[in-house]
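Bear in mind these aren't lab numbers, they're just calculated from the coordinates by the rules spelled out. Owing to the predicted nature of the structure, the values given are computational and were not obtained by experimental measurement. Ideal geometry is used to build each Cβ from the backbone, glycine not excepted, and the neighbour counts take in all protein chains shown.
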Amino acid sequence: MPRKPRLAVFKFASCDGCQLSLLDCEDELLALAGELEISHFLEASSAVQDGPYDLSLVEGSITTPHDAARIREVRRQSRALVTIGACATAGGIQALRNFRDVREFTRIVYARPDYIETLERSTAIADHVPVDFELRGCPINKAQLLEVLVSFLRRKRPNIPSHSVCVECKRRGIVCLMVARGTACLGPVTHAGCGALCPSFHRGCYGCFGPAESVNTPALAERLEQLGVDRGHRLRLFRSFNANAPEFREESERHEQ
Amino acid sequence: MSSSESSEPGKSKTIKVDYLARVEGEGSLYLKIRDGAVEDAKLKIFEPPRFFEAFLRGRDFREAPDITARICGICPVAYLMSACHAMESVCGVRVDGQLRALRRLLYCGEWIESHGLHVFMLHAPDFYGFDDAVAMAKAHPELVQRGLRLKKLGNAIMTALGGREVHPINIKLGGFYRAPRRRELDALRGELEWAREFTAVALARLKELEFPDFERDYEFMGLRHPSEYPLNEGRLVSSAGVDEPISRYDCVLREVHVAHSTSLQSRRVGGGPVHMGPMARYALNHDKLPPEVQQLARDAGLGARCQNPFQSVLVRMVEIAYAVHEAARIIAEYAEPDAPAIAVEPRAGTGYGATEAPRGVCYQRYTIDDAGVITDCKIVAPTSVNQAVIEEDLRVFAGARAELPDEQLRWQCEQAIRNYDPCISCSCHFLKLDVERV
Ligand code: SF4
């Protein structure tokens, strides 16, 4: 019998939400575990095996010198490395520190800042090591995670579209919130993957999946301004869970005073 | 991963687990035993810092729920709800009626999901002697499969109300972006009916487990509400007589920054460590459980309080039964509200929010200005409160078992930590320390 592919899950600075998405596949989990050997998944199992691994899922961003070294070791141990979620693909919400002084941050949160060791910036995994595939979202969509796992097992490229949330709205027949209600929405510039979730709940997209491919953020910002969204609000819209993704970062900086 | 070493043969030994498994987030265990006595017991937490309290400053008050949700993917509802309540209290808004009921329903979903995850996938394997739920499923397929089905129900409730299970998108100050339609909630009724039966079956199975003989006289702390088992609201009370409004949280509990841990630890002012979470809620609010849930608890051999942390698995199951019961009640009584939310306009001031996360009280305090800009905030996760009590448990527990073979002692100590379902990812305070190597 051929050996089962070995799966590992690693965590860096994150909330655990993206790896939890794997355990949230309640219907598929046991079947998946039959096809893959779960060799390293601390949140779920005490059985921890050494590498190398055939596929490593990496959650979280790099924020400490220790983690910057650890991700290189993970890369060495992994035949394929897939990053899961906004933390791993763009630095996550903790990348808000990149726009401020981290020493000041430390003093705000901790009585004894001298106990703390941290990097000035929170960065994506791909800033440190080569990544084979990036799955977006804060959190990732679990159907997309399954697509990645199954594609890996079948040795094909995952079918993850890179168009915008707008396209998903059109597909679902959701009336455009911006046109119909004048709601601020990042749909035109945000990567698909959620299935236009917020618009289906009458909420404007707030950018969990980060920038889509070749987007025109200045045009959207201008449209938002016409809708009466003030400068500070525009800045914050682009500066949240994917603040350090280059397209969003540059756009938010355009709205700084 | 784990190791033990003797520096003076026969006299002193160290038991370490560098990366704890089946807990949320990253922590390690360190135990030093000399002459059969525990000299040092530490649950070390080394999540990297994420600085939520710092970068929330300057953000708009309406953003706090979605941003703080990202502290923890396992209990986002707790953060969403505590943030909403805190902001609403600053702005003088009270959410009532069906909107309040829907918030309770959302919270029931999180309890079922999070407790279900812990009971069946993280904690049960300890008792049955497996490394994980997948291995356990081979020997006990029906238990694991039905446990997953129960967990899925919790997720289905969160998805119906919140749009998705991790970081729901439909929650905002004053209520929801869109109120669920009757039929969307009715669709959950069948599974809730099934879950009502299954929780009884599961409790009957779990009570047969072998629990280490270990009880402690904890100071239990949690919320207490005049008419309901606490989820979103209540006063901060303890078994040692604390009874204060949540706005006095900071006077009741003090945080200390200890070097070995990357989280700030809390102690009661004028007291010691306190115990939060299912066992505390149960002890403080047993009388608020509906009679049929009280009966389930009795059938499982539980009295009005439980002081053996290993039996928290039973208490969690009782709380799942309660959440299933409460969810069914809310859905049966649901009428679509006129508006999905009430307006919340900013006004300068300080507000407090404390709600019962699966692991205990999630506390948030915000100060905002007239324009709604956050100028100050504080967030305390229940695990940073429980950390001190976990270390005490370790000391007492391992002290009585110092003679056990290392492997067995290590396994049981890990289990003693997992009793609390620690959520180390609730890392708003957590930072990276160089772990001391002994
Ligand atoms: S991307 Fe979002 S959901 Fe995923 S780990 Fe980071 S904060 Fe959590």
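Note down the relative contact order for chain B as a percent, whole number, built from C-alpha pairs under 8 angstrom at least six residues apart. It would help to have the intermediate numbers written out before the result.
Working: 897 pairs, mean separation 115.1, N = 438.
Averaging sequence separation for qualifying contacts and normalising by length gives 26 percent for chain B.
Plugging the Kirkwood radius over Cα pairs into Stokes-Einstein for segment B:87-136, at a temperature of 37 °C and a viscosity of 0.692 mPa s, what D comes out in µm²/s? Spell out each step's value before the answer.
Numbers: Rh = 13.4 Å.
Calculated translational D: 245 µm²/s.
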Seminar exercise, completed: For residue A:4, the aspartates and glutamates lying under 14 Å Cα to Cα, once residues fewer than eight places off in the same chain are dropped, come out as A:35, A:37, A:54
Seminar exercise, completed: note: segment A:162-202, Cα-Cα separations exceeding 13 Å make up a percent value of 41
Exercise. Taking the Cα atoms of segment B:286-438 alone, what are Rg (to one decimal) and Dmax (as a whole number) in Å?
Worked result: 21.2, 65
For this session: Per residue of segment B:362-376, in order, report the coupling 6.51 cos²θ - 1.76 cosθ + 1.60 (Karplus, θ = phi - 60°) as ³J(HN,Hα) in whole Hz, putting x for Gly and Pro.
Result: 9, 10, 9, 9, 10, 10, 10, 9, 4, 8, x, 7, 6, 10, 7
For this session: Report the label-to-label distance for residue A:133 and residue B:60 in nanometres (one decimal), using points 7 Å from each Cα along the Cα→Cβ vector.
Result: 3.6
For this session: Please list, in chain and number order, the residues 5+ apart from residue B:44 or on another chain whose amide H is under 5 Å from its amide H, with Hs placed from the backbone.
Result: B:28, B:29, B:30
For this session: Using all C-alpha to C-alpha distances in segment A:165-254, build P(r) with 5 Å bins and read off the rounded percent in each one.
Result: 3, 16, 28, 26, 19, 7, 1
Exercise. Once the Cα atoms of the protein assembly as shown are picked out, what are the Rg and Dmax in Å?
Worked result: 23.9, 77
Exercise. If you plug each phi of segment B:392-406 into the Karplus form 6.51 cos²θ - 1.76 cosθ + 1.60 with θ = phi - 60°, what whole-Hz ³J(HN,Hα) values come out, in order, with x for Gly and Pro?
Worked result: 4, 4, 4, 5, 5, 5, 5, x, 7, 10, 4, 7, 4, x, 3
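Any chance you could tell me what percent of the C-alpha pair distances in segment A:3-89 go past 16 Å? List each step's numbers first, then the result.
Numbers: 1961 of 3741 pairs.
Tail of P(r) above 16 Å: 52 percent of Cα pairs.
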Seminar exercise, completed: quick shape note, chain B: Cα extents on principal axes in Å, largest first -> 72, 48, 37
Exercise. What residues qualify as long-range amide H neighbours of residue B:355, i.e. H under 5 Å apart, gap of 5 or more or another chain, H built at 1.01 Å from N?
Worked result: B:362
Problem set entry | Helix axis angle, B:189-206 relative to chain B longest principal axis, alpha carbon, degrees | 20
Exercise. Can you list residues whose amide H is under 5 Å from residue A:41's amide H, if they're 5+ apart or on another chain and H is modeled 1.01 Å from N?
Worked result: A:9
Seminar exercise, completed: Here, residue A:120 and residue A:72, labelled 7 Å along Cα→Cβ, have an inter-label distance in nm of 2.0
For this session: Run down the aspartates and glutamates and flag those whose C-alpha is under 15 Å from the C-alpha of residue B:207, throwing out any fewer than 8 positions away in its chain.
Result: B:126, B:299, B:319
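Can you give the helix-only mean residue ellipticity at 222 nm for chain A, where every DSSP H stretch with n ≥ 4 adds -39500 (n - 2.57) and the sum goes over all residues, rounded to the nearest 500 deg cm²/dmol? All intermediate terms of the calculation are to be shown ahead of the outcome.
Working: 12 runs with 96 residues, N = 257.
When only DSSP H runs of four or more count, the value is -10000 deg cm²/dmol.
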For this session: Read phi for every residue in segment B:295-304 and hand back ³J(HN,Hα) as whole Hz from Karplus 6.51 cos²θ - 1.76 cosθ + 1.60, θ = phi - 60°, with x for Gly and Pro.
Result: 5, 4, 5, 4, 4, 7, x, 8, x, 6
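Let me have the relative contact order for segment B:270-429, percent, based on Cα pairs under 8 Å that are six or more residues apart.
Values: 171 pairs, mean separation 39.1, N = 160.
For segment B:270-429, the relative contact order is 24 percent.
Around residue B:236, with a cut-off of 9 angstrom between Cβ atoms, what is the net charge of the other residues, counting Lys and Arg +1 and Asp and Glu -1?
Numbers: positive: B:224, B:235, B:248; negative: B:243, B:244.
Charge balance near residue B:236 sits at +1.
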Problem set entry | Under the Debye formula (equal points on every Cα, no solvent term), log10 I(q)/I(0) of segment B:213-258 at q = 0.17 Å⁻¹ | -0.59
For this session: Per DSSP H run of n ≥ 4, the term is -39500 (n - 2.57); total these for chain B, divide by its residue number, and report the mean residue ellipticity at 222 nm rounded to 500 deg cm²/dmol.
Result: -12500 deg cm²/dmol
For this session: Quick one, can you get me the convex hull of the C-alpha atoms of segment A:6-154 expressed as volume per residue in Å³?
Result: 114
Exercise. Tilt of helix B:312-332 relative to the longest C-alpha principal axis of chain B, in degrees (0 to 90, nearest 10)?
Worked result: 10
Problem set entry | Hits among aspartates and glutamates - C-alpha to C-alpha of residue B:378 under 12 Å, sequence gap 8 or more where chains match | B:53, B:250, B:255
For this session: Could you work out, for chain A, what percent of all Cα-Cα pairs fall into each 5 Å distance bin, beginning at 0 Å and stopping at the bin that holds the largest distance?
Result: 1, 6, 12, 16, 17, 15, 12, 10, 6, 3, 1, 0, 0
Seminar exercise, completed: Each label sits 7 Å from Cα toward the beta-carbon; between residue A:231 and residue B:370 the label points are separated, in nm, by 2.0
For this session: Compute the label zone of residue A:175 within segment B:331-375: residues whose backbone N is under 17 Å from the point 7 Å along Cα-to-Cβ.
Result: B:340
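Restricting to Cα pairs below 8 Å that are 6+ residues apart, what does the relative contact order work out to for segment A:165-254? Please round to a whole percent.
Values: 132 pairs, mean separation 22.4, N = 90.
Value for segment A:165-254: 25 percent.
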For this session: Quick one: angle between helix B:141-162 and the longest Cα principal axis of chain B, in degrees between 0 and 90, rounded to 10, please.
Result: 30
For this session: Let me know the Rg and Dmax you get for segment B:13-96 when you use only its Cα atoms, in Å.
Result: 19.3, 60
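State which entries of B:172/B:288; A:11/B:44; A:142/B:16; A:142/B:44 exceed 23 angstrom in Cα-Cα distance in the structure shown.
Values: B:172/B:288 29 Å; A:11/B:44 17 Å; A:142/B:16 35 Å; A:142/B:44 31 Å.
Beyond 23 Å: B:172/B:288; A:142/B:16; A:142/B:44.
With viscosity set to 1.306 mPa s at 10 °C, what whole-number translational diffusion coefficient in µm²/s follows for segment B:193-241 from Stokes-Einstein and a Kirkwood radius over Cα pairs? Mind dumping the intermediate values first?
Values: Rh = 14.1 Å.
Translational D for this selection: 112 µm²/s.
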